[in-house]
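Engineer: Take this structure, written in structure tokens, and hold onto it; I'll ask about it next.
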Amino acid sequence: MYLFRKIVSGVVPKNSHLTTLIRNCSSTKDVEDYWAYNYISHKRGLFKPKHTVDEQIRYMNSEVYYDTYKGLPVFKWYKRNVRGQEVLQPKPRLFCIDKEGKFNVNNACPVCRDEYLFFDYRNPALIEQFLAAGTDQVIPILKTGLCREQYNLLKAQLLKAKEHGTITFTIDFRSFDYEQWYPNLDVSHIKKNYESGKSQSGVSIQDILPMPLVNFPAHKKDMNTDWDEWWLRHDKFAMKGK
């Protein structure tokens, strides 16, 4: 919600004042009390206000943000109206905001429509909402509802967050020469293709933790079962049923 400041622009008869409303972008604690989600549905032709990362973090920690999204990811309340089944929906739009900073559509994507939201590596809380649970992989674009511009910004800021350490992620499995670390352990089942100064390659989980193969008995073959006689008995039974 915008904080408005009343400025007296003129005086009319009967001591009444003609006032106009001007947006005031202050970052004091008084502004936080007036934060609110922008409920203007038709935004085409309007400018999207610009805010700092600190304002975005304070907004996401406010009660207004919680009352708006109910503790769920921001894309949970977004729905695309498409014809037919959901799997046949077309690709999202290319962008919601043009190069002048104006909305070119009425119903923008989940990030573009909220004036305080934008992807930045310094605020990982917003980026983590668009990651698959327990991973560092971005969920599909059709599930997020983002425009393609914001989806590319999401992947770029995710990579930047990994480089700056604001988001934790797993690294690839690294192989070692276990004979150097466990001299008393039998590691003969592991391939010895380790070279000095290079990582060990070609080692799988089965090589590190071998599992014995289970020998199942051969299937009983159809021998001396007179399986062809079954059809003759079936035809005879079917004729009786008629």
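Engineer: Could you list, in sequence order, the residues of the stretch 145-162 that are of a type outside the set (A, V, I, L, M), in contact (Cβ under 8 Å) with a residue 12 or more places away in the chain and either touching a Leu at 6+ places or on another chain (Cβ under 8 Å) or surrounded by fewer than 17 Cβ atoms within 10 Å (Cβ to Cβ) (or both)?
Structural biologist: Cys147, Arg148, Glu149, Lys155, Lys160, Lys162
Engineer: Can you tell me which residues in the stretch 120-134 are free of Cβ contacts under 8 Å to residues at least 12 places away in the same chain and over 9 Å from the mean Cα position of the chain (by Cα)?
Structural biologist: Step one: of the stretch 120-134, the residues free of Cβ contacts under 8 Å to residues at least 12 places away in the same chain are 132-134.
Within the stretch 120-134, Gly134 is the sole residue that qualifies.
Engineer: Let me ask something else about it. Need the failing condition index for Ile22 against (1) at pLDDT below 80; (2) in contact with a Lys or Arg (Cβ under 8 Å, 6 or more places away or on another chain); (3) assigned by TED's automatic domain parsing to the domain that holds Gln129, just the number.
Structural biologist: (3)
Engineer: Hey, any hits in the stretch 170-179 for a residue that's surrounded by 12 or more Cβ atoms within 10 Å (Cβ to Cβ) and among the β-branched types (Val, Ile, Thr)?
Structural biologist: No - not one qualifying residue is present in the stretch 170-179.
Engineer: State whether one or more residues within the stretch 61-78 are of a type in the set (Gly, Ala, Ser), modelled with pLDDT under 90 and either touching a Phe, Trp or Tyr at 6+ places or on another chain (Cβ under 8 Å) or exposed (fewer than 11 other Cβ atoms within 10 Å of the Cβ) (or both).
Structural biologist: no
Engineer: Sort out which residues of the stretch 97-155 are touching a Pro at 6+ places or on another chain (Cβ under 9 Å) and among the β-branched types (Val, Ile, Thr), and write them in order of number.
Structural biologist: Answer for the stretch 97-155, where residues must be touching a Pro at 6+ places or on another chain (Cβ under 9 Å) and among the β-branched types (Val, Ile, Thr): Ile141, Thr144.
Engineer: Here are Glu86, Glu100: which of them is exposed (fewer than 12 other Cβ atoms within 10 Å of the Cβ), among the charged types (D, E, K, R), modelled with pLDDT under 90 and within 14 Å of Thr144 (Cα to Cα)? Quick ask: steps written out before the conclusion?
Structural biologist: Numbers: Glu100 fails: within 14 Å of Thr144 (Cα to Cα).
None of the other options fit; the residue is Glu86.
The values are calculated or read from the model by the stated rules, or taken from the named source; none is laboratory data. Bear in mind the structure is a predicted one, so any value in this text is a computation, not a measurement. Backbone-built Cβ (ideal geometry, glycine too); neighbour counts: all protein chains shown.
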